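Heads up, the thing below is written out as structure tokens.
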Amino acid sequence: MMSNYSHLWDGTEPGWVLLQVHRQTSTLAVLFDEPGATLQEIQVLRRVVPEFTALPAQQAVLQLRGRWRIDLGEMESREARRLIKRLRDCGLRVEAQTLDRSGYLPFNEVSKMALLIEDEVESRAVAAEALRQGIPVRQVES
């Protein structure tokens, strides 16, 4: 497997570095008291949360009424902070968890091309071997 990527560090293709990308995302959930989301809370969700804005009112009520928790999924931290503020300003309780999605990306500074490895396990193994082989590292903030 590593032989497929040896060109990153063996000198046959000059210019390869690892971009160390620092990235955080957040998962969000809105929490409700018993017996679940009220009509007023559903109205706030429809006004503030994009995925509920497009729903017809009746469908939103059917989908959200009586639920104690609405998971809003994972998003970039900046977007999450804005949404948390808006929801809290409207009186809703929000649970947030920050996730570290940092990692390495092989990048060729000569060709300006990145090597995307979709398999996360394989990507981490290639990065670990590239680091072991002494490939240069560049810092990137996202």
Problem set entry | Spacing of the two label points (7 Å from each Cα toward its C-beta) at Arg101 and Leu19, in nm | 1.5 nm
Problem set entry | Total formal charge among the other residues, if their Cβ is under 12 angstrom from that of Lys85, Lys/Arg +1 and Asp/Glu -1 | +3
Seminar exercise, completed: Using alpha carbon centers only, segment 1-48 is separated from segment 59-107 by a whole-angstrom value of 12 Å
For this session: With all protein chains present, calculate the accessible area of His22 using a 1.4 Å probe and round the result to the nearest 10 Å².
Result: 60 Å²
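Pairs of Cα atoms under 8 Å, at least six residues apart: use those to get the relative contact order of the chain, whole percent.
Averaging sequence separation for qualifying contacts and normalising by length gives 44 percent for the chain.
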Seminar exercise, completed: Taking a probe of 1.4 Å and leaving out DNA, RNA and ligands, segment 1-121 shows per residue an accessible area in Å² of 64 Å²
For this session: Extending each Cα 7 Å along its Cβ direction at Arg86 and Glu120, get the distance between those two points in nm, one decimal.
Result: 2.8 nm
For this session: Give the carbon-plus-sulfur fraction of the accessible surface of segment 21-88 in %, rounded to a whole number; probe 1.4 Å, heavy atoms of protein chains only.
Result: 50 percent
Exercise. Roughly what % of DSSP beta bridges within the chain run antiparallel, to the nearest 5?
Worked result: 80 percent
Problem set entry | Estimated Rh, the chain: Kirkwood, alpha-carbon pairs, angstrom | 18.1 Å
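The values are calculated or read from the model by the stated rules, or taken from the named source; none is laboratory data. All figures in this text were calculated on a predicted structure; none of them were measured in a lab. Ideal geometry is used to build each Cβ from the backbone, glycine not excepted, and the neighbour counts take in all protein chains shown. Remember, those area values only see protein heavy atoms, side chains included, never the ligands or the DNA or RNA. Shrake-Rupley method; radii C 1.70, N 1.55, O 1.52, S 1.80 Å.
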